[in-house]
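Structure, as structure tokens:
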Amino acid sequence: MAVGKPAKHAVEELTEGQQNRRRMLAWLSSVGLFGSAIISAISNLVFIKPRATYGAPNRFGIGKPDDFPSGTRIALGEHRVCIVREGDKLCAISTTCTHLGCIIAPSETGFACPCHGSRFDQDGNVTGGPAPKPLPWYALSLAPNGELEVDKGTEVGAGTYLKV
Amino acid sequence: MSQATKLPKPGLLTTLKEFPGNVWSSIFRHSLPNSDLGRSQTSFTNFFLHIHPVKVNRNTLKPWYTLGLGLMSFFLFVILTVSGILLMFYYVPATTQAYDRMLDLRGSVAFGTFLRNMHRWGAHFMVAIVFLHMCRVFFTGSYKKPREFNWVVGVMLFLLTLFSSFTGYLLPWDQLAFWAITVGTAIAGYAPVVGQDMRFLLLGDYTVGQEALLRFYVLHIAVLPLLVTVLVSIHFWRIRKDGGLSRPADADAPPQPEIPKKENLAEWPRELEPVAVTASAAPAVNGVPALAVAAKTVAPVLPIEKKHYGIQGLVRGPFTKVGNVPENSVFSWPNLFMAELFVLVLTIAGVLVVSLLFNAPLEEPVNVLHPPNPAKAPWYFLGLQEQVSYSAFWGGVGVPGLEVLILLLAPYLDRSNKGVGKWFAKERLLPNTLFLIFVIVNIVLIIIGTFFRGPNWEFVSPW
Ligand code: FES
């Protein structure tokens, strides 16, 4: 009782300025608390987003140009690309279906996806099925050691060939 | 020890003789009840029973009203937790080992196949039962005020159930798993703006591989079960706070409109008595000071016929409360508990029988180069896959997103409070028809996806 009463008095005697200051402090501390809660929630996302991936590398050598005689269309399964050579022109076309990511296989007319029946022509343009985009073409270059190198990190326009 | 000087010190022999009884009564504060007072006290002092109200409305116990679906979902979750924890003893989330561990489970672990069957079929059951539970709640109009938020929690639980199944699906690391996850995460990638990032976060890489396996494992065994547990707790707590299960408005009304007066107390049905007893015999209830105090304080304030729920009468809200006329309610012990026990036995029996008769599928180990043709997702996602084969965005993200949104908003859009507590009430013809169309369309899509789609997702007929 003895303790309770003066405390009650103190509350009543707060001046306008003191009340404002209290409100201000309460406001600041809640901003601080909620702010840090939100920041820590977001930092979780940052944490689970890997900075480096250890999957298949984006750049890889596939052998000498002579390994691909003219007229070949070879799907390199593990790299998910198809190497096409016509005459002295070479290109690398993705074999990951643009629909939902199944692996497509070269067919007579181009490519066919087993999952939902998407069809692509020789250049990777969609000719049927639900695939929304044509197959991307990847940059192909000749490394100093004479090997062909595919860079899956760099997409090039359809019809961009490497001359050898 | 030395403070209790006044009491005669019990001899060693007596201590030993009373030991089992003392331990027992320290855990269970009440013996099996044989009076109505005992019944309410048993519910009141036991943690697990205390989740229940002491009395429930008769309507709650009608088997054809709830079909026990919500409870069944919960028991399935418990079965899945137990069998899942057991499976964790043998599983390694590594691409090099996961599949071999599956074979081990089959070949060299006692009950290995059986537990895996239980876990797999239990999950399938849970998806189905949770969905049916949602249908039940909708068709009886039970999502209405004041249960709107509990419906929202329920919809979230349904989504979590689907997501739990989905994350579990990858773990055996067989062909089915790998391609189902490839397709599934690609669908997530179609979500606007955040899609690709979400997919990357889920997979931890650009393709399905070791990182994805680990992530799905952690989600499956820790994150999702925790979320489900929290939401289920809220779900149950809200049922109590919203005054028990939904029921027709007249379910609370007394059979005879007149509330008995004090003088006729002796003629009241037997069920009523204990509460009157609780109030008058308050000092005798040593084990339950809260109840006793509440009864004491309430007694002088409220007229005697309003004393049936003790402490709950002090709180405002839509609870099973003091004014609730008790003719239409019965004691949870034994009525409700027996019904729950029955549902538990039924659920376990169902899972056991199916697990004994059918083995969970395990396909070839993952072959990253050759998707099976067709690569089908689990049945509950085949409707989605069927939609996706028309349009990746609309089928996979647009339509399902809208459906979920409408489900979440349903109680806030449909605000008439008519026809609650009855299956297919006439007043709810429009909402029920709309929901029925939603259900049928999804079931038809699932059936088409399951039976009518062959290689290259071409239309085939199953006969
Ligand atoms: S993934 Fe190729 S058609 Fe769907």
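Place a label point 7 angstrom from the Cα of residue B:369 along the Cα-to-Cβ direction, then list the residues of region B:84-101 whose backbone nitrogen is under 19 Å away. Correct set: B:96. With a simple spin-label model that places each label point 7 Å from the Cα along the Cα-to-Cβ direction, the separation between residue B:110 and residue B:207 comes to 4.3 nm. Placing a label point 7 Å from the Cα of residue A:89 along the Cα-to-Cβ direction, the residues of region A:122-164 whose backbone N falls under 18 Å from that point are A:122-126, A:135-142, A:156-164. Taking 0.36 nm per residue of separation and subtracting the current Cα-Cα distance, fully stretching the chain between residue B:218 and residue B:458 would add 82.8 nm. Computed FRET efficiency, Cβ-Cβ of residue B:14 and residue B:249, R0 45 Å: what is it to the nearest 0.05? Calculated value: 0.15. Each peptide in B:334-340, B:215-221 gets a packing score, the mean of other Cβ atoms within 10 Å over its residues, and the list from highest to lowest is B:215-221, B:334-340. For the residue pairs A:64/A:133; B:241/B:422; B:55/B:426; A:64/B:376; B:62/B:144, the alpha carbons lie more than 28 Å apart in A:64/A:133; B:55/B:426; A:64/B:376. Contact with the other protein chains removes 10 Å² or more of accessible area, compared with the isolated chain and a 1.4 Å probe, from these residues of region A:67-106: A:77, A:78, A:80, A:99, A:100, A:101, A:102, A:103. Checking Cβ-Cβ separations below 4.7 Å across chain A identifies A:82, A:91 as cysteines lacking any candidate disulfide partner.
Note on residue B:448 and residue A:67: with the Förster distance fixed at 30 Å, the Cβ-Cβ geometry gives a FRET efficiency of about 0.10.
To the nearest 10 degrees, how steeply does helix A:16-48 sit against the main Cα axis of chain A, on a 0 to 90 scale? Helix A:16-48 sits roughly 20 degrees off the main axis of chain A.
Modelled label positions at residue B:226 and residue A:49, each set 7 Å beyond Cα in the direction of Cβ, lie 2.1 nm from each other. Inter-chain neighbour count for A:110-121: the average number of beta-carbon atoms from partner chains within 10 Å of each residue's beta-carbon is 5. Judged by the mean number of other Cβ atoms found within 10 Å, the most tightly packed of the peptides B:150-158, B:45-53 leads the ranking B:150-158, B:45-53. Extending 7 Å from Cα along the Cβ direction at residue A:164 and again at residue B:349 yields two label points whose distance is 7.1 nm. Taking a point 7 angstrom from the Cα of residue B:402 along the C-beta vector, which residues in region B:422-441 have backbone N less than 19 Å away? Residues B:431-441 qualify, since their backbone N sits under 19 Å from the label point.
The values are calculated or read from the model by the stated rules, or taken from the named source; none is laboratory data. This structure is a prediction, so every number in the text was calculated from the model and none was measured. Here Cβ is always computed from backbone atoms with ideal geometry, including for glycine, and neighbour counts include all displayed protein chains. These accessible areas exclude ligands, DNA and RNA; they are computed on the full protein's heavy atoms, side chains included. Shrake-Rupley method; radii C 1.70, N 1.55, O 1.52, S 1.80 Å.
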